[in-house]
Amino acid sequence: MPKNKEDKDDDKDYHEAEHHGPRPFWSSTITFGLVSLPVSLYVATRSKRVKLRMVDHDGEPLAKRYFCPAEEVALESDEIVRGYEVEKDQFVVVENDELDAIAPEKSQEIDLRRFVPVDQIDPMFFQRAYFLAPNQGAIKPYRLLAQSMEDSERAGIATCVIRGKEYLLAILSHQGILRAEILRFAEELRTPADIGLPESIDADNDLTKKMVKSIEANGRKTLDRDALTDVRSERIRERVDDKLEADQDVIHEAEDDDIEDADSDEEPVDLMAVLKQSLEQKSGDSGNDSNKKTNGNKRKGKPQKSKKKAQKKSGGTRQAPI
């Protein structure tokens with residue numbers, strides 16, 4: 001189907017804005033029925049916890065090695081094989097070529113198989129979140145799918161193969177943006193019975209009323225993001241800053257080998273805002289079109305420069321883990 005001028009302008013605006021954000025780590029195509037929607041995956045979460053490296057007293061980073069306690073020697077990679085434990089200390093060796101033979105067929109497709117009510121997916125299944133961004137020429141079908149799913153309050157259940165491993169996905173829509181959640185498999189979840197939790201009993205009415213009043217007294221309409229602050233990491237950073245200022249326990253000789261700080265001083269890119277802005281309908285006014293193009297040109301440059309600095313600091317762009 002030929003695209004009109006508005007669709008072409010939307011594609012141009014979106015992909016201009018895309019250069020100012022993080023890079024996708026995987027590109028794919030959502031397929032169901034006769035629909036084919038090319039998308040890219042962006043990691044929607046990031047680790048902000050303080051990471052501490054194991055070092056010796058001279059500041060030399062230590063490496064992990066596999067050790068054989070029976071022979072008391074460290075093993076090289078070519079001396080190690082994989083084994084499936086059938087009983088305690090009894091293993092069946094599985095070779096690499098055997099794993100390759102049973103690996104799922106490589107595919108760049110997200111096979112969307114069914115749609116279910118969103119409230120039918122237990123949050124316990126959610127493992128890792130990704131944003132799904134439309135690729136070139138897919139703005140309009142992306143909008144249609146996102147709006148249809150949000151209106152119907154349904155989520156898509158799909159499968160995909162990433163780096164030789166098959167994953168189960170839930171595709172959700174919120175405020176016009178599609179998100180993919182890697183799902184745990186059913187056998188990965190424990191049940192209350194597995195843990196030995198007691199069965200439910202009838203609660204005392206008076207105690208229940210008191211509990212409800214207490215909940216209402218401490219209730220909030222929204223979740224404050226400040227309540228999710230990692231206090232421990234903040235305290236570690238403060239302690240490190242105090243030690244740096246006092247030049248206490250600082251190993252100067254190992255400065256070149258210090259671990260890279262995963263937290264950049266730069267303001268993080270709000271990928272959600274970039275996607276939402278780029279997907280908004282453009283007004284038909286030609287003056288606004290020219291203004292957007294002018295503003296788009298002004299936006300180029302500075303983010304690119306800061307991005308290069310960040311890459312230089314971290315030694316290059318690293319591919320995000322699935």
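The values are calculated or read from the model by the stated rules, or taken from the named source; none is laboratory data. Everything quoted here is computed from the prediction, not taken from an experiment. Methodologically, a virtual Cβ is constructed for each residue, glycine included, from the backbone with ideal geometry; neighbour enumeration extends over all protein chains shown. Surface areas here come from the heavy atoms of the whole protein model, side chains and all, with no ligands, DNA or RNA. Shrake-Rupley method; radii C 1.70, N 1.55, O 1.52, S 1.80 Å.
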I'd like the residue in the range 151-174 that is among the polar types (S, T, N, Q) and out of contact with any helix residue (DSSP H, G or I) (no Cβ under 7 Å at 6 or more places or on another chain) and, out of all such residues, is surrounded by the most Cβ atoms within 10 Å (Cβ to Cβ).
Thr159
Leading residue by the ranking (most open to solvent (accessible area, probe 1.4 Å)) among those in the range 136-150 that are farther than 13 Å from Ile177 by Cβ and either part of a helix (DSSP H, G or I) or modelled with pLDDT of 90 or more (or both)
Leu144
What number of residues in the range 192-245 are surrounded by 10 or more Cβ atoms within 10 Å (Cβ to Cβ), among the polar types (S, T, N, Q) and more than 35 Å from the chain's Cα centre (by Cα)?
2
Residues located in the range 114-135, provided they are hydrophobic (A, V, I, L, M, F, W, C) and either exposed (fewer than 11 other Cβ atoms within 10 Å of the Cβ) or not in a loop (DSSP other than H, G, I, E, B) (or both):
Phe115, Val116, Val118, Met124, Phe125, Phe126, Ala129, Phe131, Leu132, Ala133
Looking at the range 99-113, can you tell me whether even one residue there is closer than 14 Å to Thr29 by Cα and in contact with a Lys or Arg (Cβ under 7 Å, 6 or more places away or on another chain)?
no
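Table: residues versus (1) closer than 30 Å to Arg114 by Cβ; (2) over 18 Å from the mean Cα position of the chain (by Cα); (3) among the β-branched types (Val, Ile, Thr); (4) not in a strand (DSSP E or B).
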position	(1), (2), (3), (4)
Arg23	no, no, no, yes
Ser27	yes, no, no, no
Pro38	yes, yes, no, no
Arg49	no, no, no, yes
Arg53	no, yes, no, yes
Could you list, in sequence order, the residues of the range 89-112 that are surrounded by 10 or more Cβ atoms within 10 Å (Cβ to Cβ) and either aliphatic (A, V, I, L, M) or touching a Phe, Trp or Tyr at 6+ places or on another chain (Cβ under 7 Å) (or both)?
Phe91, Val94, Leu99, Ala103, Ile110, Leu112
What residue, of Asp78, Asp58, is over 27 Å from Ser27 (Cβ atoms), outside any helix (DSSP H, G or I) and open to solvent by 100 Å² or more (accessible area, probe 1.4 Å)?
Asp58
